[in-house]
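Novice: A single structure is presented below for examination.
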Amino acid sequence: MQLSVVLAVVQGVVLALCLALSGCTPIFSDLQDARVARKGNGEFTPFVTTTQIQGDNGRERVTDQIGFQVAEGLGGELEFRFRAEHFMDLASLDFGEATAFGIGLKKGLIPNRLALYVPLGFAVGSNIDVSRTLQTQPTLLATLPLARSVDFNPSFKGVIYIGDGETPSQAALNLGLGVHNSERSMTLRPEVGWLFDRDDAGGFIHFSLGLTFRRTIAE
């Protein structure tokens, strides 16, 4: 099945979920690298995440998340990405469950080493004003090979709340690894990241694990 068809089906499913489910701690994991898929190539990355909040009294788990990302190469060092993520157990924030999704473009700056990713997304929930969750996260992605089958993937991003004029922008740092087979058809992606709070009251930290399946038609 063509990835474009899968993507269309996935978008429909997620849109349906968004009407049915209820949202949200910030999404700030990346679980990708600086490589850009060539035209005709693509990726599918399911992942799990646990998010904690950091405060004066230590860390407290806020939510567990499960989701996936789909990537499709457009040519010219440009890639389209789609992401869906479901939050399980946001009881501590009085939100219940939630679903978020987004789309974005990734542009290679230095082939296989540095890329810019700019997504746009929002979340829905019974106790959430959807318009206020609209945000963009301009992200600089880097990839540094550590060994034949291991890459180091740091990323830095801004979190800009477009729909909420009362929430100031934030910054996040992610540190990930990519452990892949010789063909790069599969890549295991452990990652840890920090979302920094502006008033020094603490922030969020996530621990994530993803597995990328790469479809290669063009080399």
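The values are calculated or read from the model by the stated rules, or taken from the named source; none is laboratory data. These numbers were taken from a predicted model, which means no experiment stands behind them. Neighbour counts run over all protein chains shown; Cβ positions are idealised from the backbone, glycine included.
Novice: Which residues, taken from region 150-175, are touching a Lys or Arg at 6+ places or on another chain (Cβ under 9 Å) and among the hydroxyl-bearing types (S, T, Y)?
Specialist: Across region 150-175, the qualifying residues are Y161, T167, S169.
Novice: Looking at region 40-72, which of its residues are modelled with pLDDT of 95 or more and more than 13 Å from the chain's Cα centre (by Cα)?
Specialist: N41, G42, E43, E72
Novice: Looking at (1) at pLDDT 95 or above; (2) within 13 Å of D30 (Cβ to Cβ), which is the one condition that is false for F207?
Specialist: (2) is the only condition that F207 fails.
Novice: Still on this structure: Test A84 against the stated conditions and say whether it is in contact with a helix residue (DSSP H, G or I) (Cβ under 8 Å, 6 or more places away or on another chain), of a type in the set (A, V, I, L, M) and surrounded by 14 or more Cβ atoms within 10 Å (Cβ to Cβ).
Specialist: It is true that A84 is in contact with a helix residue (DSSP H, G or I) (Cβ under 8 Å, 6 or more places away or on another chain), of a type in the set (A, V, I, L, M) and surrounded by 14 or more Cβ atoms within 10 Å (Cβ to Cβ).
Novice: Please determine whether any residue of region 183-201 is of a type outside the set (F, W, Y), part of a strand (DSSP E or B), surrounded by 14 or more Cβ atoms within 10 Å (Cβ to Cβ) and at pLDDT below 95.
Specialist: yes
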